[in-house]
Amino acid sequence: SITDDIHVAYRPEPLRYLVEGNVTIIVNEHDVVVVDGSGSPEAARQVIEHIRELTPNPVSVLINTHGHGDHTLGNQEYVSAFPGIQIVTHPGTRAYMTGTTPGRGIDYVRQIARNVESRIANGMLEIDSLERDPTPGNNLVVANLRQYYEHDIFARQRAYGEVELTPATMTIEGRLVLHRGAREIQILFIGAGDTQSDLVVYLPGDRLVATGDMLVHPIPYGFSRQPLQWAKTLDSLATFDVDIMVPGHGDVLYDKSYLNHVRELLRQVRTQVTRGVGAGLDPDRVKDSVDLSDALELFASDDPVLRYYFITYFQQPNVARTYNDVTSN
């Protein structure tokens with residue numbers, strides 16, 4: 001519980017692969033508004049069971065902050081449990097979820113449901129590489145990956161087999177305000193974040209914002225294909241008058257210090273990539289020139305699993321995509 005009537009359902013192991021998005025539960029006088037629909041039907045059923053323990057009120061609105069499966073694949077359970085529910089997303093998120101191009105968008109769910117052998121093979125190659133690397137702590141990274149590729153992937157495959165992709169019934173491009181008594185629930189598009197279609201959910205009276213994956217704790221995701229715009233979006237997020245930030249994954253944040261660390265990290269990457277491009281370096285040399293050792297220490301300290309995910313979830317994709325963004329502008 002964050003307050004008497006706002007709760008977050010989350011997995012305490014945010015870096016356990018496959019990740020599971022946070023769910024924010026807003027209990028109002030006559031209804032419930034939920035932010036993000038969990039990563040599988042099974043997970044959503046567990047959250048819905050908890051909602052029913054909290055209140056007899058029905059869920060009237062489910063907001064998907066973006067389209068990734070770890071935030072949307074439980075949508076179908078809300079429709080089943082609460083007839084007449086409205087699912088709200090950005091139009092880009094609805095397009096992502098309704099697209100049927102093989103290998104694109106949400107199609108990975110169907111791929112995993114059919115076959116996981118190639119994914120397991122690739123995972124075992126990564127595990128083998130880590131086991132041959134004498135870096136202290138790699139055994140802990142290997143254990144983290146083995147949990148998925150030897151156990152969890154099969155549970156995920158079974159869960160994906162029962163997914164019925166359930167897109168939005170309502171889309172917003174800018175701003176939608178829900179009024180629940182004295183409470184305002186603002187659904188806002190403030191710019192591209194982890195995806196081009198990220199929404200945030202802002203409760204000014206509660207001084208709370210749910211950010212989706214534009215802000216993730218304890219390691220930021222660096223997969224945004226518009227990293228320069230993502231940085232501007234986080235600058236806008238920093239102006240919100242809030243005390244509580246519910247990230248897309250990980251612990252609830254009670255000030256803006258982590259957000260400001262991520263903003264500074266993005267500035268460092270942009271500055272160093274821009275310098276490398278200006279010096280005429282090719283993409284590989286730009287990548288090699290970027291030094292994030294101080295940030296690695298700040299975000300991961302001496303935890304080998306955090307360090308592994310800082311490099312694979314943030315540094316490698318963000319540097320590459322920042323290079324693409326800088327050279328295309």
### Summary
Expected sort for 27-35, 76-84 on mean C-beta neighbours within 10 Å, highest first, is 27-35, 76-84
### Task
Subtract the Cα-Cα distance of E29 and E53 from 0.36 nm times their separation in residues, and report this length gain in nm to one decimal.
7.1 nm
### Message
So, for the chain, what is the accessible surface per residue at a probe of 1.4 Å, expressed in square angstrom?
### Response
45 Å²
### Query
If each of R45 and L281 carries a label point 7 Å out from its Cα toward its Cβ, how far apart are those two points in nm?
5.1 nm
### Query
Points 7 angstrom from Cα along the Cβ direction at N139 and A238: gap in nanometres?
4.2 nm
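Counting only protein heavy atoms and using a 1.4 Å probe, what share of the accessible area of the stretch 282-329 belongs to carbon plus sulfur, as a whole percent?
Looking at the stretch 282-329 in its full context, I get 44 percent from C and S.
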### Task
Could you pull the accessible area for R110 with a 1.4 Å probe, rounded to 10 Å²?
90 Å²
### Message
For mean projected area of the Cα convex hull in nm², pick the label among (1) 15.8; (2) 16.8; (3) 19.2 that corresponds to the value derived from the coordinates.
### Response
(2)
#### Entry: Relative contact order (%) - criterion: Cα under 8 Å, at least six apart; region: the chain
15 percent
### Query
For E13 and Q86, what does the FRET efficiency come to when R0 = 51 Å and r is the distance between their Cβ atoms, rounded to the nearest 0.05?
0.95
#### Entry: Sum of side-chain charges, D128 neighbourhood, beta-carbon under 14 Å (Lys, Arg +1; Asp, Glu -1)
-2
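Whenever you get a sec, compute what percent of the accessible area on the stretch 178-243 sits on carbon and sulfur atoms (1.4 Å probe). Before the final figure, lay out each step's value.
Working: 1050 of 2220 Å².
Carbon and sulfur: 47 percent of the exposed surface of the stretch 178-243.
First obtain the Kirkwood hydrodynamic radius of the stretch 6-61 from its Cα pairs, then insert it into the Stokes-Einstein equation at 37 °C and 0.692 mPa s, and state the resulting D in µm² per second as a whole number.
Numbers: Rh = 11.7 Å.
Translational D for this selection: 282 µm²/s.
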### Query
By average Cβ neighbour count within 10 Å, what is the ranking of 286-295, 63-72 from highest down?
63-72, 286-295
### Message
Between the stretch 140-159 and the stretch 38-92, how far is it from one alpha carbon centroid to the other, in angstrom?
### Response
25 Å
### Magnitude of the charge dipole, the chain, Cβ model with Lys/Arg +1 and Asp/Glu -1, debye to 20
820 debye
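The values are calculated or read from the model by the stated rules, or taken from the named source; none is laboratory data. Keep in mind the model is a prediction, meaning the values are calculated, not measured. Neighbour counts run over all protein chains shown; Cβ positions are idealised from the backbone, glycine included. Quick note on the areas: whole protein, heavy atoms, side chains included, nothing else; ligands and nucleic acids left out. Shrake-Rupley method; radii C 1.70, N 1.55, O 1.52, S 1.80 Å.
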